[in-house]
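Chemist: There's a structure below that I have some questions on.
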Amino acid sequence: MKEKICMVTGANKGMGKAAALEFAKQGATVIMVCRNPQLGKVAQDEIKRLSGSKTVELFIADLSSQQSVRKFVEQFQSKHSKLHVLFNNAGGLFTENHILSVDNIEMNLGVNYFSTFLLTNLLLDRLIASGSGRIIHTSSMMMAKSLNWDAFTGKQTLSPMKMYGLSKLAIVLYTYKLARKLAGTGVTVNALHPGFVHTDNATNSFPKMLRPLMTIFKPFVLTPEQGSQTALYLASSPEVEGITGKYFVKKKEKSSVPISYDEALQERVWTYSAELTGSE
Ligand SMILES: NC(=O)c1ccc[n+]([C@@H]2O[C@H](COP(=O)([O-])OP(=O)(O)OC[C@H]3O[C@@H](n4cnc5c(N)ncnc54)[C@H](OP(=O)(O)O)[C@@H]3O)[C@@H](O)[C@H]2O)c1
């Protein structure tokens with residue numbers, strides 16, 4: 001990965017940090033995108049120390065704010081003319097009922113989907129400039145089996161888990177549409193489910209009283225290092241060169257839910273997202 005610039009969102013812990021460390025060990029220039037400057041700095045120092053790399057850069061962006069995403073992209077673009085890998089990892093299950101972001105978007109949808117849509121679209125010119133950019137989107141096997149349009153567009157409230165599922169379906173619909181849009185540019189885009197991974201996000205998905213169970217289950221779930229393997233594979237393996245618009249689990253191409261292949265729905269979701277975020 002020498003000479004490559006690899007961006008990881010949510011790089012201060014969990015799978016994002018594991019992937020950022022591995023990119024650094026492989027000699028890439030790593031762009032860590034973190035929400036919290038202090039936590040980001042601690043992780044950056046650790047990744048530099050463990051990898052011996054001097055090219056680990058920290059940028060701050062809060063994905064619950066479109067303004068913050070735009071500001072970060074401007075800072076990145078003023079420094080770098082190319083981007084080879086974009087690993088959209090940041091996100092999670094936001095368990096409080098119908099919390100809205102500063103952009104007035106339900107938090108699960110705002111962070112997990114709409115900000116990823118905006119960030120990726122704003123970075124397309126840099127990915128295309130690299131000649132062979134690879135975009136990796138983090139979905140989940142918890143993706144919804146249907147798209148509730150009223151909930152997606154903020155007219156209806158569902159449970160946090162259902163909103164999470166909706167956000168993870170939307171990211172797959174976006175992946176498939178984006179792959180078509182990027183045909184001929186050399187840039188690929190794929191989505192993945194990382195497995196069940198022992199992270200704060202996974203622990204917090206349980207009700208408070210059941211969270212200690214995660215410690216008992218720990219030997220049976222993946223470590224963040226193991227959970228990041230499919231993303232690392234999609235980011236660098238020659239086996240997936242040119243492969244685009246697919247969904248992966250355990251480094252293998254899998255089918256996502258049937259509705260995700262509905263091209264009319266992909267277009268509708270794209271049009272709405274482009275309007276909401278002001279990005280094409
Ligand atoms: N763990 C699993 O079993 C599992 C399964 C399927 C999918 N996933 C997906 O995997 C991805 C990574 O999660 P993880 O399990 O590695 O969890 P994690 O260790 O809790 O990491 C989540 C990362 O996302 C960042 N993040 C959250 N909200 C953000 C915001 N508003 N702006 C910027 N960054 C934000 C967090 O930053 P802070 O530290 O500042 O909060 C953290 O760096 C998520 O998209 C999740 O949905 C996980």
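Chemist: Is it fair to say residue 164 is within 16 Å of the ligand (Cβ to nearest atom), touching a residue at least 60 places away in the same chain (Cβ under 8 Å), open to solvent by less than 50 Å² (accessible area, probe 1.4 Å) and not small (Gly, Ala, Ser)?
Modeler: Yes, satisfied.
Chemist: Further question on the same structure: Working only within the stretch 192-222, note down all residues that are β-branched (Val, Ile, Thr), without any contact (Cβ under 8 Å) to a residue 40 or more places away in the chain and either within 11 Å of the ligand (Cβ to nearest atom) or touching a Pro at 6+ places or on another chain (Cβ under 8 Å) (or both).
Modeler: 203, 221
So that you can scan it fast, the table gives a plain yes or no per residue for (1) farther than 25 Å from residue 12 by Cα; (2) at pLDDT below 95; (3) among the aromatic types (Phe, Trp, Tyr):
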{"site": "140", "(1), (2), (3)": "no, no, no"}
{"site": "176", "(1), (2), (3)": "yes, no, yes"}
{"site": "184", "(1), (2), (3)": "yes, no, no"}
{"site": "198", "(1), (2), (3)": "no, yes, no"}
{"site": "213", "(1), (2), (3)": "no, yes, no"}
{"site": "244", "(1), (2), (3)": "yes, no, no"}
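Chemist: Right, something else. Which of the residues spanning the stretch 7-40 are more than 11 Å from the ligand (Cβ to nearest atom) and free of Cβ contacts under 8 Å to residues at least 60 places away in the same chain?
Modeler: Within the stretch 7-40, 21, 24, 25, 27, 28, 29, 30, 31 qualify.
Chemist: Based on this model, can you work out whether residue 127 counts as in a helix (DSSP H, G or I), open to solvent by less than 20 Å² (accessible area, probe 1.4 Å), away from the ligand (no atom under 14 Å from the Cβ) and farther than 17 Å from residue 91 by Cβ?
Modeler: yes
Chemist: I've got another one for you. Restricting to the stretch 97-123, name every residue that is in contact with a Gly (Cβ under 7 Å, 6 or more places away or on another chain), more than 10 Å from the ligand (Cβ to nearest atom) and either within 18 Å of residue 268 (Cβ to Cβ) or of a type in the set (Val, Ile, Thr) (or both).
Modeler: 105
Chemist: Out of 94, 59, 76, which single residue is away from the ligand (no atom under 14 Å from the Cβ) and touching a helix residue (DSSP H, G or I) at 6+ places or on another chain (Cβ under 8 Å)?
Modeler: Every option except 76 fails the conditions.
Chemist: Would you confirm whether or not the stretch 18-37 contains a residue that is under 26 Å from residue 172 (Cα atoms) and of a type in the set (S, T, N, Q)?
Modeler: Looking through the stretch 18-37, none of the residues is under 26 Å from residue 172 (Cα atoms) and of a type in the set (S, T, N, Q).
Chemist: Hey, among the residues in the stretch 176-213 that are of a type in the set (Gly, Ala, Ser) and more than 22 Å from residue 143 (Cα to Cα), which one's least open to solvent (accessible area, probe 1.4 Å)?
Modeler: Filtering the stretch 176-213 for residues that are of a type in the set (Gly, Ala, Ser) and more than 22 Å from residue 143 (Cα to Cα), the one least open to solvent (accessible area, probe 1.4 Å) comes out as 186.
Chemist: May I ask you to verify whether residue 265 is more than 16 Å from the chain's Cα centre (by Cα) and within 15 Å of the ligand (Cβ to nearest atom)?
Modeler: Criteria not met by residue 265.
Chemist: Which of the strands (runs of 3 or more DSSP E) contained wholly in the stretch 1-119 include at least 3 residues that are surrounded by fewer than 17 Cβ atoms within 10 Å (Cβ to Cβ) and acidic (Asp, Glu)?
Modeler: Where strands (runs of 3 or more DSSP E) fall fully within the stretch 1-119, none carries at least 3 residues being surrounded by fewer than 17 Cβ atoms within 10 Å (Cβ to Cβ) and acidic (Asp, Glu).
Chemist: Also, quick follow-up: Answer yes if at least one residue in the stretch 252-275 is part of a loop (DSSP other than H, G, I, E, B), open to solvent by 70 Å² or more (accessible area, probe 1.4 Å) and either over 20 Å from residue 121 (Cα atoms) or in contact with a Phe, Trp or Tyr (Cβ under 8 Å, 6 or more places away or on another chain) (or both), and no otherwise.
Modeler: So far as the stretch 252-275 goes, yes, one or more of its residues are part of a loop (DSSP other than H, G, I, E, B), open to solvent by 70 Å² or more (accessible area, probe 1.4 Å) and either over 20 Å from residue 121 (Cα atoms) or in contact with a Phe, Trp or Tyr (Cβ under 8 Å, 6 or more places away or on another chain) (or both).
Chemist: Would you be able to say whether some residue in the stretch 41-55 is without any contact (Cβ under 8 Å) to a residue 60 or more places away in the chain and touching a Gly at 6+ places or on another chain (Cβ under 6 Å)?
Modeler: Looking through the stretch 41-55, none of the residues is without any contact (Cβ under 8 Å) to a residue 60 or more places away in the chain and touching a Gly at 6+ places or on another chain (Cβ under 6 Å).
The values are calculated or read from the model by the stated rules, or taken from the named source; none is laboratory data. Only a predicted model underlies this, so the values are computations on that prediction, with no experimental measurement involved. Using ideal geometry, Cβ is built from the backbone for each residue, glycine included, and neighbour counts are taken over all protein chains shown. Note: areas computed on protein heavy atoms with side chains; ligands, DNA, RNA excluded. Shrake-Rupley method; radii C 1.70, N 1.55, O 1.52, S 1.80 Å.
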